[in-house]
Amino acid sequence: MIHNSPRKRSILNVKVRAATARKKRQRLLTIASAWTIGIALFAAAAWFGVSKTLDRFFYSNPSYNLSELTLELDGIMTGEDLVAITGIKPGDNVFNIDLAEAGAKLRAIPMVQDACLERFLPDRIKITLVSRRPVAWAARRDSVVAPYDPSAMLLADDSGFLMKPMLIRQEHHQLPVIHGLDESQLRSGHPVENTDFSAALMLLRQLRLETRPLVSIRSIDISKGYCLDALTADGCLVKFSPVDFPPQLEKLERLLEHCRDTGRSIESVNLMVTRNTPVVFAMASLPPAIQPAKQAPKPKTKSRN
């Protein structure tokens, strides 16, 4: 008769428990795998069914085709330009139009300060653009004597941000031109890093703050680097210091009032000089030369025979 020792019985019990635990783990793993496969199949079927439903009732439903495209473009571009940039056009399904992507394309245009794109079911999209407000044209250093050519210049807003317009509106032709920038500084979609250019914008800003405008500036030349040479609409050349504009404008106002009182006009003035301001007055046009009056012909007398 064979008797197992306690040590052998303990080892046998450990092996039995290990085999039982292994079988239990395998059974749980099998159940978990079956559940995972079942859930995956259910999800796939549900996704297929939902996609078919969405495609049938939304993406392929002609009731959701774009039939009304409302545009408020703030004079930045035409409707044709917007369609070319965004690809949005009547007849497209409103759910297939990526408004976020279209908005990003529109905001990348320098003239666009903000863009709002809204979808109104079932068949309408509204696009609203807000334009940056230009205050001047920016031109190259060598264009001081060049003719006025908007295609060779960039618009600048009050912060110095440059923009190439897609449409040139009538009011753009009335904006002053700031000359004297390098070619590398004329980049659409970027601000100008130039202190003299910033000073010219500050001068224009100060003039806009005046309750009654003193002069209408047509151009400002910043190429000299130590002054701003402004040309007014009346053809007067005004030399400004690039700092402390209020006292210079006050001095200019006194000069203009003197001209109104005396009937004279200024050809050029240097406002950089604090005392004894150099002023060149325009010469009055000479009156036309007085022609001697033509004498009336003497009447002919008849001769007597």
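Key figures for this structure:
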| item | result |
| --- | --- |
| Qualifying residue in the range 138-145 (condition: closer than 23 Å to GLN113 by Cα and either touching a residue at least 40 places away in the same chain (Cβ under 8 Å) or not in a helix (DSSP H, G or I) (or both)) | yes |
| Conditions (1) farther than 30 Å from LEU162 by Cβ; (2) in a helix (DSSP H, G or I); (3) modelled with pLDDT of 80 or more; (4) under 59 Å from the mean Cα position of the chain (by Cα); number of the one not met by ALA100 | (1) |
| Yes/no for VAL192 being farther than 30 Å from PHE281 by Cβ and surrounded by 14 or more Cβ atoms within 10 Å (Cβ to Cβ) | yes |
| Inter-residue pairs, beta-carbon under 7 Å, first without any contact (Cβ under 8 Å) to a residue 24 or more places away in the chain and outside any strand (DSSP E or B) and in the range 243-268, second surrounded by 11 or more Cβ atoms within 10 Å (Cβ to Cβ) and of a type in the set (Val, Ile, Thr), 6+ apart | CYS259/ILE266 |
| Pick from the range 194-226, criterion among the hydrophobic types (A, V, I, L, M, F, W, C), closer than 26 Å to ARG264 by Cα and not in a strand (DSSP E or B), ranking: farthest from the chain's Cα centre (by Cα) | LEU214 |
| Residue list for the range 68-97, restricted to those being part of a strand (DSSP E or B) and loosely packed, with under 13 Cβ neighbours inside 10 Å | GLU68, THR70, GLU72 |
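The values are calculated or read from the model by the stated rules, or taken from the named source; none is laboratory data. All values derive from a computational prediction rather than experimental measurement. Counting neighbours? That spans all protein chains shown, and the Cβs are built from the backbone with ideal geometry, glycine included.
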